[in-house]
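The values are calculated or read from the model by the stated rules, or taken from the named source; none is laboratory data. Since the structure is predicted, the reported quantities are computational estimates derived from the model, not experimental observations. Every residue, glycine among them, receives a Cβ derived from its backbone with ideal geometry; neighbour counts consider all protein chains shown.
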Amino acid sequence: MLIARHLPALAAAERALGRLDAALADPIRLAWHTPCAIRRNALASLRLDGTLLTEEDLVLMGGAPDAVAPGVRIAASRGVALVSFANALDIGRFTVQPAVDGSAAGRLAGGVSSITAAGLQAALEGLAMLEGDPVAIVCKETEPAEPSAPRELAPWSASWGVAAFQAWLTVEGLPDTLHSDAAESVVDGIASVERAVVGAPGLVGAIRALLHLHHRDDPPIRRRAKHDPFEHPTVRQLRGQSQASAPTARFWPSLARLAGPALLRAACGIDRTHLPIAVAMAKSPALFRSMLVAGEDEAVGWLLDRFADQADLEVEALTSSAKCDASRRAALIGRRRDAGARTLLDHLWANPVLTVRSAGALLCISERAARGALAALVDAGILRGVPAWRDDDAPPGRTAARSLAYVVNEPIAVSGPLGTTRSRRRSEPPAGSPMYWQPIATAPQDGKPRLVWDERPFMAAFTWSTSDNTSAWRVGRRVLQPTHWLPLAPPKRMK
């Protein structure tokens, strides 16, 4: 039961989610929004776990790893694996081979809702009989049976949770051997999610389930130690200490943040919305951690406010994306080499990094012809070349010739119908014009101080830090995560 003073926040969050779901009814906008939202959600989850990574390093690691600085490659490679993991969680890409004989593994694949108390006990007993052998989702039959097509697992079912735990072990670099006690813990955790949603239907139940997962202990992981009989005992001890001190994220919080959007869709009855809930949590990581230790009702009210604000920001981002797409297409008007370039525009929303080889594979043309399409996008200001990391200090005149990859540039100016580029929009409005807060994505990143909003106003500048090789909005040594910025207009001259 939600306390009365949180009812307005609940109504505001439901209305905001409804507006976002209605805005995503357009399939084109949905194709723009979902990949970007999954990337930002994975980045925010890394930030909550203490890993700072920029989106540019993340996308470059997936397309051109040599363009990423060596000190960031480990975090970027983990971020790429986390994005793939989040994609599989969101669309239910985990598959299972249907059981023919109705064994415990087959009953487990049906999900929590289709398992009765007796069926769940039988499934756990069957898993316990495996002893030290890994849990196999594919049933081993004594007699050969006709092969059947694998089917996708329903999100937040018991078998889906077991498959997600195995995939998370691979992402974290842990032994992927799953035993019966770990599977029992995963099934119990998924069942607790269902109980929370059934106890409080709708958005409140989904939020309570996400909060409960942040407090659960991870399933036990059995590490198999393979000792070399000829290995020195000191070396063996040091190797064990390094493995024990390896930083890894927790399974249940990671699952709650990355698969939380799918749970919100199922609980609220919406079809298309992928709300990056980790982004809303990561705006104030210290406050989020304090809410976890506070009472559950206070944490639910705090998250309702954050989810409503995040949904409104996503609607604004969709409007900005439509304007950006129109600007990109208008910038290619009147150019002769825009046949392949226009085809590449739709791909940039899902993967904002291109190489000569990937562009040629997408267009089914040679690499020489792909260079022409990429050059058209660079000339239009849509893409910019990124050299290899070792060539980062190359002269500016040779940067385009030695580009290893091409990433999406900042929002560009709209080109006229004759191909003449208009002047870039001024960062300062004319004198005496009204001032309105704008999304932070439209703020100029030129290193000059700007008035930004991060829970309160700050005069911050978007700068590069050589200590951690990251660029962010900073006030002195403090790193901000602003949501809006205010273009300051000079006062109107009095006559």
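Odds and ends about this structure:
- Qualifying residue in the range 266-284 (condition: of a type outside the set (Asp, Glu), closer than 30 Å to Thr170 by Cα, modelled with pLDDT under 85 and part of a helix (DSSP H, G or I)): no
- Boolean, Arg336 is in a loop (DSSP other than H, G, I, E, B), modelled with pLDDT under 90 and not assigned by TED's automatic domain parsing to the domain that holds Met281: yes
Let's see how each residue does on (1) touching a residue at least 60 places away in the same chain (Cβ under 8 Å); (2) closer than 25 Å to Cys268 by Cβ; (3) aliphatic (A, V, I, L, M):
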residue: Leu178; (1), (2), (3): no, no, yes
residue: Asp181; (1), (2), (3): no, no, no
residue: Glu184; (1), (2), (3): yes, no, no
residue: Gly189; (1), (2), (3): yes, yes, no
residue: Glu194; (1), (2), (3): yes, yes, no
residue: Leu203; (1), (2), (3): yes, yes, yes
residue: Ala209; (1), (2), (3): no, yes, yes
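- Residues satisfying the stated conditions in the range 172-188, i.e. assigned to a helix (DSSP H, G or I) and surrounded by fewer than 22 Cβ atoms within 10 Å (Cβ to Cβ): Ser180, Asp181, Glu184, Ser185, Asp188
- Here the range 346-373 is the region considered, the condition is being of a type in the set (A, V, I, L, M) and either within 10 Å of Ala405 (Cβ to Cβ) or not in a helix (DSSP H, G or I) (or both), and the residue that is modelled with the lowest pLDDT is Ile365.
To keep it simple, each residue is scored yes or no on (1) in a helix (DSSP H, G or I); (2) closer than 20 Å to Trp302 by Cα.
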residue: Ala12; (1), (2): yes, yes
residue: Thr34; (1), (2): yes, no
residue: Ala37; (1), (2): yes, no
residue: Arg40; (1), (2): yes, no
residue: Leu46; (1), (2): yes, no
residue: Thr51; (1), (2): no, no
residue: Val59; (1), (2): yes, no
residue: Ile74; (1), (2): yes, no
residue: Ser77; (1), (2): yes, no
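- Test: residue in the range 289-299 that is under 30 Å from Ser403 (Cα atoms), in contact with a helix residue (DSSP H, G or I) (Cβ under 7 Å, 6 or more places away or on another chain), buried (at least 19 other Cβ atoms within 10 Å of the Cβ) and modelled with pLDDT of 85 or more: no
- So Ser427, is it within 14 Å of Leu486 (Cβ to Cβ), at pLDDT below 55 and either surrounded by 16 or more Cβ atoms within 10 Å (Cβ to Cβ) or not assigned by TED's automatic domain parsing to the domain that holds Ala282 (or both): yes
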